[in-house]
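In what follows, a single structure is set out as structure tokens and then discussed.
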Amino acid sequence: MDIGNLLVATPSIIGDFNFHRSVIILTNYKSSGSLGLILNKKLEYTLGEVMEGVKSNFPLFFGGPIEQDNLFYIHTLGDNISNSIPISKKLYWSGDFKDVIDLLKKGELTQENIRFFLGYSGWTKGQLELEINEKSWEPFEFKSTLELLKIPAIDMWRECMIALGGQYLIWLNTPENPNAN
């Protein structure tokens, strides 16, 4: 498993609000534990509504159930945000928030080059590997990290299922809760 890879929630996660039909980007993977952000769960809040003194209509995303009162972000801006941590060749997470504010004020940020999250998803030592072995997650290498932020959140899980193909195609047209069918 490499950072920058995606974890696609399989249909076996039915009933878990936090992760049902989630697509997570792995931002940190070590033997001691892992960290990721849910890419496709848009919240009803904007950055400007939760950050005092920040004027922005950028949407916020639910990154996961851990530290939901903290802001996290991924971006394609590299050195334009100092202290950024590489996830892949052209995708980064974190960095100096003062640089983010400056770029925001200059109008140089778009929803295609940065995404903001409240909370993150985390796994303790061995937990993620166990969940992958139990088929709760399907690891997925996305073809282009630059294109990742351009996919509408509402379509992301479906697009990953199509790309995975095979047994996952049957789940494309099932309702959110198959028990309600």
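Worth pointing out:
- Residues of the range 123-139 falling in the label zone of residue 170, defined by backbone nitrogen less than 19 Å from a point 7 Å along Cα to beta-carbon, are 134-138.
- Estimated FRET transfer efficiency when R0 is 22 angstrom, pair residue 83-residue 32 (beta carbons, to 0.05): 0.50
- Accessible-area order (highest first, 1.4 angstrom probe) of the listed residues 82, 31: 31, 82
- Heavy-atom accessible area ranking, 1.4 Å probe, most first, across 44, 129, 67: 44, 67, 129
- For the chain, the alpha-carbon radius of gyration amounts to 1.03 times the rule-of-thumb value 2.2 N^0.38 Å expected for a compact globular protein.
- Only Cα pairs under 8 Å and 6+ residues apart enter the sum, and on that basis the relative contact order of the range 1-120 stands at 24 percent.
- Ignoring aspartates and glutamates fewer than eight residues from residue 90 along the same chain, the ones with Cα atoms less than 19 angstrom from its Cα are 2, 79, 99, 108, 112, 141, 147.
- Rounded accessible area of residue 158 (nearest 10 Å², 1.4 Å probe): 100 Å²
- Solvent exposure, largest accessible area first (probe 1.4 Å, DNA, RNA and ligands not counted), of 41, 135: 135, 41
- Residues residue 46 and residue 102, FRET efficiency given R0 of 25 Å [Cβ-Cβ distance, rounded to 0.05]: 0.85
- Diffusion constant of the range 36-109 at 4 °C, which comes from Stokes-Einstein with the Kirkwood Cα-pair radius and 1.567 mPa s, µm²/s: 99 µm²/s
- Computed magnitude of the charge dipole of the chain (debye, nearest 20; Cβ of K, R +1, Cβ of D, E -1): 240 debye
- Cα centroid separation, the range 24-67 to the range 113-144 (Å): 14 Å
- Spatially close lysines, pair count over the range 94-158: Cα under 25 Å, gap of eight or more or interchain: 6
The values are calculated or read from the model by the stated rules, or taken from the named source; none is laboratory data. Predicted model only: the values in this text are computed from it and were never measured. Virtual Cβ from ideal backbone geometry, glycine too; neighbours counted across all protein chains shown. Side chains are part of the model used for accessible areas, which takes the heavy atoms of the whole protein and leaves out ligands, DNA and RNA. Shrake-Rupley method; radii C 1.70, N 1.55, O 1.52, S 1.80 Å.
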